[in-house]
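J.: Here's a structure for you.
Every read-out reported here was derived from the displayed coordinates using simple, explicitly stated rules and does not represent laboratory data. As the structure is a prediction and not an experimental result, all values here were calculated from the model. We place every Cβ from the backbone using ideal geometry, glycine too, and count neighbours over all the protein chains shown.
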Amino acid sequence: MIKNQKLLALASMVFLCAIGTNDALAQKKKKATTPTTAAPTTPAAGAALKKEGIKAYSEVITSKAKSKTGLFKTHKVDDKWYFEIPDSALNREMLVVTRLAKVPSGVKVGNQQYGGEQLNEQVWQWERRGKQVFIRVPSYSVRADENSDMYQSVKNSNLSSILAAFDIKAYNKDTTGVIIDATDFYNGDIMAIGASDALRKAYKTTVYDATRS
């Protein structure tokens, strides 16, 4: 009798173990076959990423663009001005001359009396760094011969200042240049390309009004 009870208990234990193993295998199989889905990207998040990224050329320089070719191409799209700067123009020194387009009558400051006369001049360097383009203004107030022992010390003490920074909006069609928006730069009140203090006093102006340009 006792022997039969032991055999029955042993059989029950084997049966329960078999059930437990089958349940575990079924749960493991179910877990392995359950597909995983990625978290959906909301339209707002997608729009933000696209807005912050560099766009395609055709999205920036549209069919409305009025383009001119020179040292580098300029494009006017509605009220925006874009510069297409080739890689070959980067890190090269360029002499930039600002001239008076039109002036009011009866005002003279030095030789600045007529439209077309020179206002100022600077040397610029276009420099690309990551997703931005800088305008650097080299300093030549102190110089040293490249072969002299003082050259590196003088260079370290006369770093080029940054006049402006622009985000890259797009690459040109053959990816050999970048597109920047120069609208705010040229519509802004920037002394380097604007009127001198003496000229402002003569014209009785203080702040440049971009809405009247």
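J.: List, in order, the whole-Hz ³J(HN,Hα) value for each residue of the stretch 75-86 obtained from phi through the Karplus relation with A = 6.51, B = -1.76, C = 1.60 and θ = phi - 60°; use x for Gly and Pro.
T.: Calculated HN-Hα couplings, in order: 10, 10, 10, 6, 9, 9, 10, 10, 9, 10, 9, x Hz.
J.: Between Gln132 and residues 5 or more places away or on another chain, which pairs have amide H atoms under 5 Å apart, with H built 1.01 Å from N, and which residues are they?
T.: Placed amide hydrogens put Ile168 under 5 Å from Gln132.
J.: Separate question: For Trp81, list long-range residues whose amide hydrogen, built 1.01 Å from N in the peptide plane, is under 5 Å from its own amide hydrogen.
T.: Counting only residues 5 or more places away or on other chains, the set is Ala182, Thr183.
J.: Can I ask one more? In whole Hz, with x marking every Gly and Pro, tabulate ³J(HN,Hα) for the stretch 174-183 from phi via Karplus 6.51 cos²θ - 1.76 cosθ + 1.60, θ = phi - 60°.
T.: Rounded to whole hertz, the list is 9, 6, 9, x, 10, 10, 10, 9, 9, 4.
J.: Something else: Go through the stretch 86-176 and name the chymotrypsin sites (Phe, Trp or Tyr not before Pro) that are in a DSSP coil and have 12 or fewer other Cβ atoms within 10 Å of their Cβ.
T.: Filter output for the stretch 86-176: Tyr114, Tyr140.
J.: Once the other residues with Cβ under 9 Å from the Cβ of Gly115 are scored (Lys, Arg +1; Asp, Glu -1), what is the net sum?
T.: The answer is +1.
J.: Which of the three applies to the stretch 138-205, rounded, prolate or oblate, going by the alpha-carbon gyration tensor with a ≥ b ≥ c and a/c under 1.5 meaning rounded?
T.: Oblate.
J.: Using only C-alpha positions, report the orientation-averaged shadow area of the convex hull of the stretch 56-212, nm², one decimal.
T.: Taking a quarter of the hull surface, the average projection is 12.1 nm².
J.: Apply the Karplus curve 6.51 cos²θ - 1.76 cosθ + 1.60, θ = phi - 60°, to the phi angles in the stretch 165-173 and return the couplings in whole Hz, x for Gly and Pro.
T.: Values, residue by residue: 10, 10, 7, 6, 8, 6, 9, 5, 4 Hz.
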